[in-house]
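One structure is given here, and the rest of the page talks about it.
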Amino acid sequence: MKIANNPIRVYALGGLGEVGKNTYCIESEKNLIIIDAGVKFPEDDLVGVDYVIPNYQHLKNNQNKIRGLFITHGHEDHIGAIPFLVKAVKIPVIYAPKLACALIRQKLEEKRVKEKINLVEYDENSVITAGEFKVSFFRVTHSIPDSFGICIDTSEGRIVTTGDFKIDLTPVGPDIQLAKIADIGESGVDLLLADSTNAEKPGWTPSEKNVIHSINEIFDKAPGRLIISTFSSNISRIQQIIQATISHHKKIVIVGRSMVNTIEYARKFGYIKIPSSILKTVDNIEDLRESETVILCTGSQGEPMAALSRIANGTFKNLHIIPGDTVVFSSSQIPGNGGSINRVVNLLTRMGADVITNSVFREIHSSGHPSQKELQLNLKLFNPKYFMPVHGEYHMLKLHGDIAKSIGIPQENIFICANGDTLVLENHHIHDGERIQADDVYIDGNDINGVSTAVIRDRKILQEDGMVSVLVCLDSKTNDLKIYPKVITAGFVNYGSGEEHLTRHASIQVYDAINEALRNGRVTFGDIKNIIRSVVGKYFYRKTQRNPMIIPLVMNVNKI
C-alpha cells in the first residue's frame, strides 16, 4: 500500500445547494486549481444587489498556491465572477475554450479590469500541467459551443468534473465525446463531480433539434412582428432562430449589447452563420414590413436592464411594442426569476402583444442539462469509485445521489455536500475534511468588497416596513427641548390613512420621554437617540404591527 503524504482536498465555494455561482477547487499542500468562476443572479428579496459571488477569502489566504483557473464553458454562472475574482486574487493564468476566451475578454473589458490577465485557449487535445496536477479535457454537448468536462490526474487519484452537459445524439453543434468519456472511465475515476440541474426530470432531455419544429410553427402563425428573447450565450438556439428567419424570408434585428457581442464572436468562429443580407439594425426597423420582421433580444428572465424589459417599459429607443406583435420567451425560467418574468409578461400583454412562454403545447425550450436517463448513462460510463453531485439545489443533489445509488454506487461513497464542505482524497480513498469559509458576497455595482449582510438587512427593513425619521431640537444650556420632535415617515403609512394621528402621538411620547430623562440627570446625545428608537419603535409596532427603520436626528440649538 502506498503511504499518502499529499492529501488532495476537493471543495466548492459556490454551486452546491444553488443554481449558479459555480466555483470548485482542487488543492494539495503546494498547489491549487480553480474550476469555473460563476455568478448567481439575485432573487427579488436581495434589494439593490446586482450579483451574488462566492467569498474568496480562502483563495486570498492561499493565492501563492494557485496555479490556474480552468473554465468549462462560457455561461455567466461559470465565467460571470471572473472580473471580481481577478481583482481580489492573483490568478496566474486562465485556461478556457475558444468561445469562452472571447467572452471573458469582452467581460474584462466591460468591467474595466486593469489587471494583466494571461488567457490561454484549450481544446479536447490539450494536456496542461498545473503544478503537480495533469489536466485534460473532453468535449460535451451543452447549449453553448465549446463546452468541456475536465479530468484532473493527481498523485492520490483521478478527479473528473463533467461541467454542464447533456447527452444529445442529434446536437446542433459538435458531438459529445462519448468514446473518450468511456476510455476515462475504463482507466479509472476515483471521484466524479457531475451536473445535477435536471436530476428531478425523468427520461432524456429533448434534443435541441426538436425545438426547430416549434420555432417554425410560431414563425408560420405570427401575423406581425416576432420578438424572440433568449440567453445571449445560447448559441444553438440563436442559430435555429436565424435558420427559421432565412427559411421564412424574413429579416432579423439583433438587440441587446451582450447579444450583439456574443453573436459577433460566434460568427467569427463559425458557430453562427448569418447572411449579411438578412441583418438589419434598430435604426432602419421602420423600413421593414411588420410581417417580415424578427427581433432577437436578451431578457428571457425578466432582467430589468435587459432589452426585452426596456421594450416592455417603453424605454428602448426606436423600438416599442405594436399591438399584434408576438413575443416569445425561448428559455426556461431560472428558479427565483418567476416574479420578474411575470411582470414583463403582463406589461407586454397590456400593450397588445401575444406572449408565448414554454408549455406542454409548444416545446420552445430544450434544456442544456441532463435528465435522469442521461445521468444514469454518464455514471455508467465514468464508473466512479466515489461520487459528488454538483451544480444544483439540495433536492437536485440528493436525487442525483439516489440515481448513483440505484446503479450500484455504495451509499457511503456518495457525498451530498454544501459549499465549504471538503472531501479529502488520499491513496484513492476519500474521507470528510474540515470546512472552509464559503459564504455569499453581494455585489452592488462593481465594488468587489460586496455589500455587508447588515446593509442587506437594512434594505429588507426599508422594503418591508419603511423608515421613520425623528428630528429633535435640544438646548444643552437649559437642558430642555425647544419644540415638539418632528416625526417623518417614508414607505411606512399612507398619507391620509392615519399618518398624521400616528406621527403626532409619537412626537408627544418622544417629547415626554426625553424631558423625563433630562430632569433625572445627565443625558448624552447617544442616550437621547436610544430613547427615540425605543419609544417610537414600541409605539409604531403596537399601532401597526410593523418595525420601521428609525433614524434619530438630534440638533443642539446652541451649535447652530
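Placing 465, 480 in order of accessible area, with the largest value first and a 1.4 Å probe, yields 480, 465. The residues 394, 56, sorted by heavy-atom accessible surface at 1.4 Å with ligands and nucleic acids left out, run 394, 56 from largest to smallest.
Helix 372-382 and the longest principal axis of the C-alpha atoms of the chain enclose an angle of approximately 60°.
Only protein atoms count toward the accessible area here, which uses a 1.4 Å probe; on the chain, the carbon and sulfur part of that area reaches 50 percent. 3J(HN,Hα) along segment 428-435: 6, 10, 10, 9, 6, x, 6, 6 Hz, from the Karplus curve 6.51 cos²θ - 1.76 cosθ + 1.60 with θ = phi - 60°, whole Hz, x for Gly and Pro.
To test your reading of the geometry: what angle, between 0 and 90 degrees and rounded to tens, separates the Cα axis of helix 453-465 from the longest principal axis of the chain? With both axes taken from Cα atoms, the answer is about 70 degrees.
Straightening the chain between residue 283 and residue 434 buys 48.5 nm, computed as 0.36 nm per residue apart minus the Cα-Cα spacing. One Cα centroid belongs to segment 245-305, the other to segment 163-231; the line between them spans 23 Å.
Between the amide H of residue 201 and those of 372, distances stay under 5 Å, these residues lying 5 or more places away or on another chain, with hydrogens modeled in the peptide plane. Heavy-atom accessible surface of the chain, averaged per residue, reaches 45 Å², computed with a 1.4 Å probe.
Full extension of the chain segment joining residue 343 with residue 187 gains 51.0 nm, where the gain is 0.36 nm per residue of separation less the Cα-Cα distance. Between 0 and 90 degrees, the angle of helix 178-187 with respect to the longest Cα principal axis of the chain falls at about 90 degrees.
Counting only residues at least eight positions apart within a chain, or on another chain, the lysines with an alpha carbon under 26 Å from that of residue 317 are 107, 111, 250, 251, 280.
As an exercise, use a Förster radius of 51 Å and the Cβ-Cβ distance of residue 121 and residue 464 to find the FRET efficiency, rounded to the nearest 0.05. After rounding, the FRET efficiency stands at 0.60. Computed on segment 212-353, the Cα convex hull volume stands at 103 Å³ per residue.
Between residue 50 and residue 546, what's the calculated FRET efficiency when r is the beta-carbon distance and R0 is 35 Å? Round to 0.05.
It comes to 0.80.
Modelled this way, with points 7 Å down the Cα-to-C-beta line, the labels at residue 213 and residue 268 are 3.8 nm from one another.
Phi-derived couplings, Karplus 6.51 cos²θ - 1.76 cosθ + 1.60 at θ = phi - 60°, listed residue by residue for segment 72-77: 7, 6, x, 7, 4, 6 Hz, with x used for Gly and Pro. The base-10 log of I(q)/I(0) for segment 92-247, evaluated at q = 0.09 Å⁻¹, reads -0.40 [Debye formula, identical scatterers on Cα atoms, solvent excluded]. Rolling a 1.4 Å probe over the protein heavy atoms leaves residue 213 with an accessible area of roughly 130 Å². Using only the C-alpha atoms, the convex hull of the chain corresponds to 208 Å³ per residue. Remark: accessible surface ordering of 549, 305 (largest first) is 305, 549, probe radius 1.4 Å. Couplings 3J(HN,Hα) for segment 26-37, derived from phi with the Karplus relation 6.51 cos²θ - 1.76 cosθ + 1.60 (θ = phi - 60°), are 10, 9, 10, 5, 10, 9, 8, 10, 10, 10, 6, 8 Hz, where x marks Gly and Pro.
The values are calculated or read from the model by the stated rules, or taken from the named source; none is laboratory data. Quick caveat: nothing in here was measured; it's all calculated off a predicted structure. Using ideal geometry, Cβ is built from the backbone for each residue, glycine included, and neighbour counts are taken over all protein chains shown. These area figures cover heavy atoms from the full protein model, side chains too; ligands, DNA and RNA do not enter into them. Shrake-Rupley method; radii C 1.70, N 1.55, O 1.52, S 1.80 Å.
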